[in-house]
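Only one structure is covered here, and it is reproduced in the block below.
Quick note: the coordinates plus some simple rules give every number you see, no bench work behind them. What you are looking at is a predicted structure, and each value in this text was computed from that prediction instead of being measured. We place every Cβ from the backbone using ideal geometry, glycine too, and count neighbours over all the protein chains shown.
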Amino acid sequence: MDWISFYDFKHSIIYVNERHRDVHYRTIAQDIAGYVPPHSAQVLDYGCGEATSAHLVADVAAHLTLVEAAPNVRAALTARYATNAKISVMTPDEASAQPPASFDLIVMHSVAQYLTAAELDRLLGVFRRLVKPDGLVIIGDIVPPQLAAPAAALSLLKFGAANGFFWAAVGGLIRILLSDYFVLKKAHGLSHYSEEEMLTHLKAAGYAAKRAERNIGHNPWRMTFLARPE
Ligand SMILES: C[S@@+](CC[C@H](N)C(=O)[O-])C[C@H]1O[C@@H](n2cnc3c(N)ncnc32)[C@H](O)[C@@H]1O
C-alpha cells in the first residue's frame, strides 16, 4: 500500500468523525478563499482530498479545478460537485496536461509530506508552467523536522476542543496509532522540510517565495509558503 491508496480507502481513520472532516475542510476552504484574487480567478487545488467545502472557494473564483490522485475520493468529488458548473475534477495527469499559464492560484495543501523531494521538485515545475506569470502558488502544511507528531496530536485535540469533538479526537488518535498510518510511515517515511529547505526548493524551481505568517488549516506548527514565478 502507498499513501494514495491509504487516502483512497482509510480516510475515516484520518478524520475522527464526520464533524471533524467537515470542520477541517471548511477551515481549509475559508483559508484558501482568502487567497483567491478578485476578478475571475482560475484556481487549482492539487491533492484536494474530500474537499467537502470546495464550493466556498468556487464561490469567490471563476472556476475551481480539483485534482485528486485517489480514484475513489475523485469519484466522490465528481458526484458531490456534479451540479456545480464552477467546479471540475481531474486526475494529476489531466492537470499536468493543461495549457501553460492556465491558473491564477494553485494550492497544494498537506500533500508535500507524502512526496519524495524529487516528486515535490517535479510538481513545483509543473505548477511553475501552469501558473500565470502574475499568479500565486501556495504550498501549505509543510511539516518541519522537529516534534511533528506531538504537534499534530496537540493541534488535533485543540481543534476538537474548539469544535465540539474533543473526545472523538482522543479516540481518533488512539485509532490512528493502531492503524496502517504508522506502518506506512515506517515503510515510506514522511518528508519534512525546514523553512530554509523549502525556500531553497522553491527558488530552484523558479519562484520568489516567502513563508506565510500563518499556516492554512488548524496546525500552527506547520508552514505555508507563498510562491510567485520569478
Ligand atoms: C492529508 S490529505 C490532504 C487533502 C487536502 N488537501 C487537505 O488539506 O485536507 C493528503 C492527500 O495527498 C494525496 N497524495 C498522497 N500521495 C500523493 C502523490 N504521490 N501524488 C499526488 N497526491 C498524493 C492523497 O491522495 C490525499 O488526497
If you average the sequence gap of Cα pairs under 8 Å that are 6 or more apart and divide by the length of the chain, what percent do you get for the contact order? 22
Longest to shortest principal axis, alpha-carbon extents of region 3-229, angstrom: 45, 42, 30
Which of VAL126, VAL183, VAL23 has the fewest Cβ neighbours within 10 Å, and the rest in rising order: VAL183, VAL126, VAL23
Computed label-point distance, nm, for sites HIS55 and ALA97 using a 7 Å Cα→Cβ extension: 3.1
The residues VAL60, VAL143, sorted from fewest to most surrounding Cβ atoms within 10 Å, come out as VAL60, VAL143
Ranking of TRP3, TRP167, TRP221 by count of other Cβ atoms within 10 Å, fewest first: TRP167, TRP221, TRP3
Residue-ordered couplings for region 143-152, obtained by feeding phi - 60° into the Karplus form 6.51 cos²θ - 1.76 cosθ + 1.60 and rounding to whole Hz (Gly and Pro as x), are 8, x, x, 9, 6, 5, 5, x, 5, 5
Phi-based couplings in Hz for region 95-109 (Karplus 6.51, -1.76, 1.60; Gly and Pro marked x): 5, 4, 8, 5, x, x, 6, 8, 10, 7, 9, 10, 10, 10, 10
Express in nm, to one decimal, how much length is gained between LYS86 and ALA212 on full extension, taking 0.36 nm for each residue of separation and deducting their alpha carbon distance. 42.6 nm
Using alpha carbons only, how many angstrom separate the centre of region 111-141 from the centre of region 25-79? 16
Using label points projected 7 Å from each Cα along Cα→Cβ, tell me how many nm separate ILE13 and MET1, to one decimal. 0.4
How large is the charge dipole for region 44-114, taken about the Cα centre, if only the Cβ atoms of Lys, Arg (+1) and Asp, Glu (-1) carry charge, to the nearest 20 debye? 120
Say each of ALA161 and HIS39 gets a label point 7 Å from the Cα, pointing the same way as Cα to Cβ; how far apart are those two points in nm? 4.5
Sites GLU197 and ARG175 - FRET efficiency at Förster radius 30 Å, r taken between beta-carbons, to 0.05: 0.40
Along the three principal axes, how long is region 1-53 when you take its alpha carbons, biggest first, rounded to the nearest angstrom? 41, 24, 11
